[in-house]
1. Restricting to the range 20-56, name every residue that is under 17 Å from the mean Cα position of the chain (by Cα) and crowded, with 19+ Cβ neighbours inside 10 Å.
2. Among the residues of the range 24-63 satisfying the criterion of being of a type in the set (Ser, Thr, Tyr) and touching a Lys or Arg at 6+ places or on another chain (Cβ under 9 Å), which is farthest from Glu118 (Cα to Cα)?
3. Among the residues of the range 1-60, write down those that are among the hydroxyl-bearing types (Ser, Thr, Tyr) and part of a helix (DSSP H, G or I).
4. Taking interchain pairs and intrachain pairs at least six residues apart, which have beta carbon atoms under 9 angstrom, with the first residue in the range 10-23 and more than 10 Å from Ile55 (Cβ to Cβ) and the second open to solvent by 20 Å² or more (accessible area, probe 1.4 Å) and not in a helix (DSSP H, G or I)?
5. Please state which of the following conditions Tyr109 fails to meet, knowing it meets all the rest: (1) out of contact with any Gly (no Cβ under 8 Å at 6 or more places or on another chain); (2) in contact (Cβ under 8 Å) with a residue 60 or more places away in the chain.
6. Restrict the check to the range 116-123 and report whether at least one residue is closer than 25 Å to Gly28 by Cα and touching a residue at least 12 places away in the same chain (Cβ under 8 Å).
7. Based on what the data block shows, is Thr31 farther than 27 Å from Ala6 by Cβ, touching a residue at least 12 places away in the same chain (Cβ under 8 Å) and hydroxyl-bearing (Ser, Thr, Tyr)?
8. Which of the residues that make up the range 141-170 are exposed (fewer than 14 other Cβ atoms within 10 Å of the Cβ) and either at pLDDT below 90 or of a type in the set (A, V, I, L, M) (or both)?
Amino acid sequence: MVRMSAEERRESVIRAATTEFARGGYHGTSTEAIAKRVGVSQPYLFRLFPGKKAIFLAAAERCVEDTIQTFQEAAKGLGGEEAKRAMGNAYVEVIAERPERLMMQMQMYVAVAAAEQEGDHEFGEAVRAGWMRLWDAVHLPLGADQGATTTFLATGMLINTLVAMGFPPEHRVWEGLFSGSGAICGPEE
């Protein structure tokens, strides 16, 4: 049996934490559940990360970076409408195939709101910084058009909400979100 390096184990923790936090949220997920999923002890978990908040923020960061990578790969060599359609289709495919990524995103927003109410602004600062990297990753392929970027991300958030609430694809709430080719459209289209 080959031993994992600390970095490989850290990656395992981030993957496991994403799954656990996606299901239970920040407050509803124990570090014990994460350690158990990875197959390590809690003390070992805390050798890799200083605490639960650090684990959550690492999982949140990974979620944002994975989404950015999805958009960048989809839009490579494209611009404007082609980039929008490619990024939209890639995102819809990812959240359909990897629902834990969608749920982790939703948990990130809830965790920020709860932390801010408790006076903890670190969550918000970290998640907002990730959101701005996401904004920039979309903004440039869409021709640095503020309206197009806002519409794209707003439509994505609506899709996140509808998927998270379990609306089936044939439900009327989906009308107008997709063109005949299945690509995400903005409300003006």
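The values are calculated or read from the model by the stated rules, or taken from the named source; none is laboratory data. Every value quoted in this text rests on a predicted model; they were computed, and no experiment measured them. Counting neighbours? That spans all protein chains shown, and the Cβs are built from the backbone with ideal geometry, glycine included. Accessible surface is based on the protein model in full, side chains and every heavy atom, while ligands, DNA and RNA are left aside. Shrake-Rupley method; radii C 1.70, N 1.55, O 1.52, S 1.80 Å.
1. Glu20, Phe21, Ala22, Tyr26, Ile55, Phe56
2. Filtering the range 24-63 for residues that are of a type in the set (Ser, Thr, Tyr) and touching a Lys or Arg at 6+ places or on another chain (Cβ under 9 Å), the one farthest from Glu118 (Cα to Cα) comes out as Tyr44.
3. Our first condition is that a residue be among the hydroxyl-bearing types (Ser, Thr, Tyr); within the range 1-60, this holds for 5, 12, 18-19, 26, 29-31, 41, 44.
Hits for the range 1-60 are Ser12, Thr18, Thr19, Thr31, Tyr44.
4. Glu11/Met4; Ser12/Met4; Ser12/Gly39; Ser12/Val40
5. Going through (1) out of contact with any Gly (no Cβ under 8 Å at 6 or more places or on another chain); (2) in contact (Cβ under 8 Å) with a residue 60 or more places away in the chain one by one, Tyr109 breaks only (2).
6. Yes: the range 116-123 contains one or more residues that are closer than 25 Å to Gly28 by Cα and touching a residue at least 12 places away in the same chain (Cβ under 8 Å).
7. Working: farther than 27 Å from Ala6 by Cβ: no; touching a residue at least 12 places away in the same chain (Cβ under 8 Å): yes; hydroxyl-bearing (Ser, Thr, Tyr): yes.
Taking the combined requirement at face value, the residue does not satisfy it.
8. Ala144, Ala154, Met157, Met165, Gly166, Pro168, Pro169, Glu170
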